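Reading through the structure tokens given below for one structure.
The values are calculated or read from the model by the stated rules, or taken from the named source; none is laboratory data. On a predicted model such as this, the values are computed, not experimentally measured, just so you know. Cβ coordinates were reconstructed from backbone atoms using ideal geometry, including for glycine residues, and neighbour counts include every protein chain displayed.
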Amino acid sequence: MKVRRVVTGQDATGKSIFVSDEHVEPITLTPVPGLKFYPLWSADETPQLPSARTHSAQSRYFPPTGGFRWLICALPQESVNVLKACDVQALRDEAANKLPGLIDVLEDDHPGMHTTDTIDVGVILSGQVTLELDDEAVVTLGPGDTFVQNGTRHAWHNRGDVPVVICFSLIGAHRTAHAAGKPT
């Protein structure tokens, strides 16, 4: 899949301009073939306008409070089995380098299950994915379906026979002290 990112901004006179037009290369993790992350845009703080800034690498996969990440993710088929069968230490090592903080939130005893201090909003572009919550509650989402994942414990499973492509934003949120869950 080729992902193109076109960014607009303003010049010194306030005129709208194209700042960049480029293809985004995916970030992959060798122990999980087919898993691809296309980072599209991010900020660790509330953005200011006008802005002509170009995309910069984020320091951590999950944004801090007030920050955001916007990306596309391709999830390989049978993702649950891939996670169970992969070399976990190799996955941890590679993810720590390429996507710092991503692997840290995954539960060791339930592959894929995690809790983050983010509100995740997204849309399924292709394939079908199952969203699992506590007590094995599930819903299956397909192309055009959207979700708002409010910092709850969850896992994504591709139990189909084709990759799932999801476009989503992670919005850094403040978790109150009384909220249950394992924050990042």
**Message:** Just to be sure I understand the filter: pairs with C-beta atoms under 8 Å, separated by 6 or more residues or on different chains, first member in the range 133-158 and surrounded by 11 or more Cβ atoms within 10 Å (Cβ to Cβ), second member part of a loop (DSSP other than H, G, I, E, B) and among the charged types (D, E, K, R). Which pairs pass?
**Reply:** Leu133/Arg153; Asp134/Arg153; Gly151/Asp117; Gly151/Arg175; Arg153/Lys182; Asn158/Glu78
**Request:** Report, by residue number, each residue of the range 151-179 that is of a type outside the set (Lys, Arg) and out of contact with any Ser or Thr (no Cβ under 8 Å at 6 or more places or on another chain).
**Result:** Ala155, Gly160, Asp161, Ile166, Cys167, Phe168, Ser169, Thr176, Ala177, His178, Ala179
**Pairs where the first residue, in the range 1-16, is assigned to a strand (DSSP E or B) and surrounded by 10 or more Cβ atoms within 10 Å (Cβ to Cβ) and the second is acidic (Asp, Glu) and at pLDDT 90 or above, C-beta under 7 Å, 6+ apart** = Arg5/Glu22
**Message:** Give me the residue from the range 118-176 that is in contact with a helix residue (DSSP H, G or I) (Cβ under 9 Å, 6 or more places away or on another chain) and of a type in the set (Lys, Arg) and, out of that set, farthest from Glu107 (Cα to Cα).
**Reply:** Arg159
